[in-house]
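Step one of this worksheet: look at the structure below.
The values are calculated or read from the model by the stated rules, or taken from the named source; none is laboratory data. Keep in mind the model is a prediction, meaning the values are calculated, not measured. Quick reminder, even Gly has a Cβ in these numbers, built from the backbone with ideal geometry, and neighbours come from all protein chains shown.
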Amino acid sequence: MSERRGTVVSLAALLAVAVFVAPVWAFPLLAVPFALLLLGQRTGEPFGVAVALMLLALVFVPGAGPGDSGGWHFVRGWCLLAGGLFLALSSAGRPAGLLDRSLATVGIAAAAVAVLALARPAFGAAMDGWMAGQIREAAAASRELNEALKAVFGVGPAGEGTSSAATGLAIEAWLVRFELAIYPARFGLATTAALSLGWYFARRGGAGRPEDRPPLVREFAFRDELIWVLIGGLALLVLPLGTAAFRIGENATVFMGTLYLARGAAILGWMAAASVTSVWSWIVIGIGAVLAFPIVASTALMLGIGDTWLHVRERLRAVGMNGSGR
């Protein structure tokens with residue numbers, strides 16, 4: 001029962017990443033890879049084929065989802081590229097692990113898009129322009145909602161003064177620029193989660209094979225060799241190699257930094273599960289983590305990176321510490 005509950009939590013976490021981290025409407029990211037997997041892995045099942053065709057029709061009907069024509073084609077092109085690559089890698093059985101295969105797919109697809117953007121600057125500029133519009137619309141909607149809430153609940157008058165409004169607009173402009181710079185990393189993270197979800201459900205819960213299931217939250221880890229992606233990203237940030245290199249380094253650093261943060265958080269959760277004895281203990285730990293979030297997040301990031309060499313959970317298991325929560 002505990003293993004099943006852990007799988008449900010992992011699937012819920014993957015769905016949350018796919019929906020809330022994606023910089024665009026997440027339905028195509030979830031639907032297209034799943035449909036391609038159904039068509040490629042379960043061709044002999046009429047119901048699976050019908051579901052796949054229905055999903056593709058919903059995604060590719062003209063005008064489906066938000067965005068203009070350029071963004072519409074870009075999002076669906078990325079979904080087809082990632083889904084097709086993932087299907088090919090899955091058919092070849094390489095890499096063996098589900099998470100490793102998802103990460104490899106995103107890496108290959110991102111490299112292909114980066115090469116295309118470098119070879120055709122107009123393509124990259126068009127995509128950046130479209131994303132900038134989406135981000136600004138989201139920021140404007142958030143600002144309007146914030147002003148409405150202030151007016152309704154009396155948390156302060158809407159438009160609290162020239163200085164305050166100017167500061168808010170300056171922060172909003174910075175956030176827009178930052179989100180525009182890192183949207184490829186957000187695409188990559190959301191796609192990684194969507195691919196893992198699609199494979200799990202297309203294979204009917206992994207068909208009983210552990211390697212076909214997403215890792216439990218407390219067991220989250222990935223190949224140690226990926227530390228070089230983080231190191232390479234940091235190097236591109238500090239070396240004077242131009243704007244394009246800096247942008248690639250920025251996204252590689254955000255992408256891998258987020259993964260290492262999740263890895264460190266999983267280790268902290270594993271250690272907590274080994275020592276917690278009641279629900280109240282979990283509540284106290286949760287409140288403490290929220291109140292001391294900067295410290296906890298920094299610790300998790302350092303722990304996640306250090307786990308590349310230390311393999312904390314394996315060492316703790318060796319001395320008899322059980323992170324299963326039992």
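List of remarks:
- You will find that of 266, 300, the residue that is surrounded by 15 or more Cβ atoms within 10 Å (Cβ to Cβ) and in contact (Cβ under 8 Å) with a residue 40 or more places away in the chain is 266 and no other.
- Residue 32 being among the β-branched types (Val, Ile, Thr), surrounded by fewer than 17 Cβ atoms within 10 Å (Cβ to Cβ) and in contact with a Lys or Arg (Cβ under 9 Å, 6 or more places away or on another chain): no
- Selection count, the stretch 241-260, where residues are touching a Ser or Thr at 6+ places or on another chain (Cβ under 9 Å) and either in the same structural domain as residue 121 (by TED's automatic domain parsing) or among the aliphatic types (A, V, I, L, M) (or both): 1
- Taking the stretch 5-19 as the range and being touching a Leu at 6+ places or on another chain (Cβ under 6 Å) and either of a type in the set (S, T, N, Q) or free of Cβ contacts under 8 Å to residues at least 24 places away in the same chain (or both) as the test, only 10 passes.
- Residue within the stretch 99-120 that is modelled with pLDDT under 90, surrounded by 14 or more Cβ atoms within 10 Å (Cβ to Cβ) and not in a helix (DSSP H, G or I) present: no
- Flag for residue 194 being in a helix (DSSP H, G or I), closer than 24 Å to residue 258 by Cβ and either within 26 Å of the chain's Cα centre (by Cα) or modelled with pLDDT under 90 (or both): yes
- Scanning the stretch 232-266 for residues that are under 16 Å from the mean Cα position of the chain (by Cα), under 15 Å from residue 182 (Cβ atoms) and of a type in the set (Phe, Trp, Tyr) yields a total of 1.
- Check on residue 141, exposed (fewer than 14 other Cβ atoms within 10 Å of the Cβ) and either within 23 Å of residue 200 (Cα to Cα) or among the aromatic types (Phe, Trp, Tyr) (or both): no
- Condition met for residue 274 (in a helix (DSSP H, G or I), more than 30 Å from residue 180 (Cβ to Cβ) and either small (Gly, Ala, Ser) or touching an Asp or Glu at 6+ places or on another chain (Cβ under 8 Å) (or both)): yes
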